Amino acid sequence: DTGVSQNPRHKITKRGQNVTFRCDPISEHNRLYWYRQTLGQGPEFLTYFQNEAQLEKSRLLSDRFSAERPKGSFSTLEIQRTEQGDSAMYLCASSLAASGGFTDTQYFGPGTRLTVL
Amino acid sequence: AQSVTQLGSHVSVSEGALVLLRCNYSSSVPPYLFWYVQYPNQGLQLLLKYTSAATLVKGINGFEAEFKKSETSFHLTKPSAHMSDAAEYFCAAILTGGGNKLTFGTGTQLKVEL
């Protein structure tokens, strides 16, 4: 088990460009989460998938953001027309849903640091 | 509104001293609670979690936390700090009605001095 991996680790882009990040969860984990962390803050929830279904989206996730998990394995997060305010660390986590409740543990990847110039 | 609060954005201790990092939650129903550690330029690593099985929870690297319902707290402690403990620590909760998402506190930066 190699843990959650994210690529790229760093991305520098110019304002207005589109960027896409990839997350590979721990194998057989059926839940996948995206969080955003800005400097000096705790991570904030963006969205989550159970298998290929996107079950919840935060109001932080504007129309410029889209996430997919087409085959229930890896996930991509795309930001269109990036703005300087999008600069942050984007974290992915995965978990195996425990039966009957919310006690599954989320394991985090190393994150993708986005800088928008 | 339900929330997680960490008192003290920076804590400094001497090597060998007690570490105490504070976390309080605001929720009518006790949530599931977690402590994560983040080293520079890395993701979050789970230290321990409370899921109502026991109020005193032991985690990795000698850390433990005690759930106190009366105080709505879940403070993290370690009897003797080590230089390698210097990192940022986040308290997080799965709150009632919040689905499966984690709600994080703002973090506490722990500095360990010789």
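Derivation of every value follows stated rules applied to the coordinates shown; laboratory data play no part. Nothing here was measured: the structure is a model prediction, and the numbers come from that model. So basically every Cβ, Gly included, is an ideal-geometry build from the backbone, and we count neighbours across all protein chains shown.
Of all residues in the range B:89-106, those being surrounded by 19 or more Cβ atoms within 10 Å (Cβ to Cβ) and over 18 Å from A:Tyr33 (Cβ atoms) number 1. With respect to the conditions (1) in a strand (DSSP E or B); (2) more than 13 Å from chain B (Cβ to nearest Cβ); (3) over 13 Å from the mean Cα position of the chain (by Cα), A:Lys71 falls short on a single one, namely (1). Is it fair to say B:Tyr25 is in contact with a strand residue (DSSP E or B) (Cβ under 9 Å, 6 or more places away or on another chain), within 14 Å of chain A (Cβ to nearest Cβ), over 16 Å from A:Asp104 (Cα atoms) and not hydrophobic (A, V, I, L, M, F, W, C)? In short, yes.
A quick yes/no check of all residues on (1) in a strand (DSSP E or B); (2) more than 10 Å from every other protein chain (Cβ to nearest Cβ); (3) closer than 30 Å to A:Ala88 by Cα; (4) of a type in the set (Lys, Arg):
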{"residue": "B:Val37", "(1), (2), (3), (4)": "yes, yes, yes, no"}
{"residue": "B:Ala53", "(1), (2), (3), (4)": "no, no, no, no"}
{"residue": "B:Leu76", "(1), (2), (3), (4)": "yes, yes, yes, no"}
{"residue": "B:Ser84", "(1), (2), (3), (4)": "no, yes, yes, no"}
{"residue": "B:Gly97", "(1), (2), (3), (4)": "no, yes, yes, no"}
{"residue": "B:Asn100", "(1), (2), (3), (4)": "no, no, yes, no"}
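Only one entry of A:Ser27, A:Ser62 meets the criterion of being more than 13 Å from every other protein chain (Cβ to nearest Cβ) and free of Cβ contacts under 8 Å to residues at least 24 places away in the same chain, and that entry is A:Ser62.
To keep it simple, each residue is scored yes or no on (1) under 23 Å from B:Phe104 (Cα atoms); (2) of a type in the set (S, T, N, Q); (3) in contact (Cβ under 8 Å) with a residue 60 or more places away in the chain; (4) buried (at least 21 other Cβ atoms within 10 Å of the Cβ).
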{"site": "A:Val4", "(1), (2), (3), (4)": "yes, no, yes, yes"}
{"site": "A:Arg15", "(1), (2), (3), (4)": "no, no, yes, no"}
{"site": "A:Arg31", "(1), (2), (3), (4)": "yes, no, yes, no"}
{"site": "A:Thr38", "(1), (2), (3), (4)": "yes, yes, no, no"}
{"site": "A:Gly42", "(1), (2), (3), (4)": "yes, no, no, yes"}
{"site": "A:Thr47", "(1), (2), (3), (4)": "yes, yes, no, yes"}
{"site": "A:Gln54", "(1), (2), (3), (4)": "yes, yes, no, no"}
{"site": "A:Gly85", "(1), (2), (3), (4)": "yes, no, no, no"}
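Can B:Ala86 be described as surrounded by 14 or more Cβ atoms within 10 Å (Cβ to Cβ), on the phi < 0 side of the Ramachandran plot and of a type outside the set (Phe, Trp, Tyr)? Considered against the rule, which asks whether it is surrounded by 14 or more Cβ atoms within 10 Å (Cβ to Cβ), on the phi < 0 side of the Ramachandran plot and of a type outside the set (Phe, Trp, Tyr), B:Ala86 comes out as yes. Out of all the residues in the range A:59-68, which are in a loop (DSSP other than H, G, I, E, B) and closer than 24 Å to A:Lys14 by Cβ? Within the range A:59-68, A:Leu60, A:Leu61, A:Ser62, A:Asp63, A:Arg64 meet the criteria.
Answer yes if at least one residue in the range A:41-50 is within 9 Å of chain B (Cβ to nearest Cβ) and more than 14 Å from the chain's Cα centre (by Cα), and no otherwise. Taking every residue of the range A:41-50 in turn, at least one turns out to be within 9 Å of chain B (Cβ to nearest Cβ) and more than 14 Å from the chain's Cα centre (by Cα).
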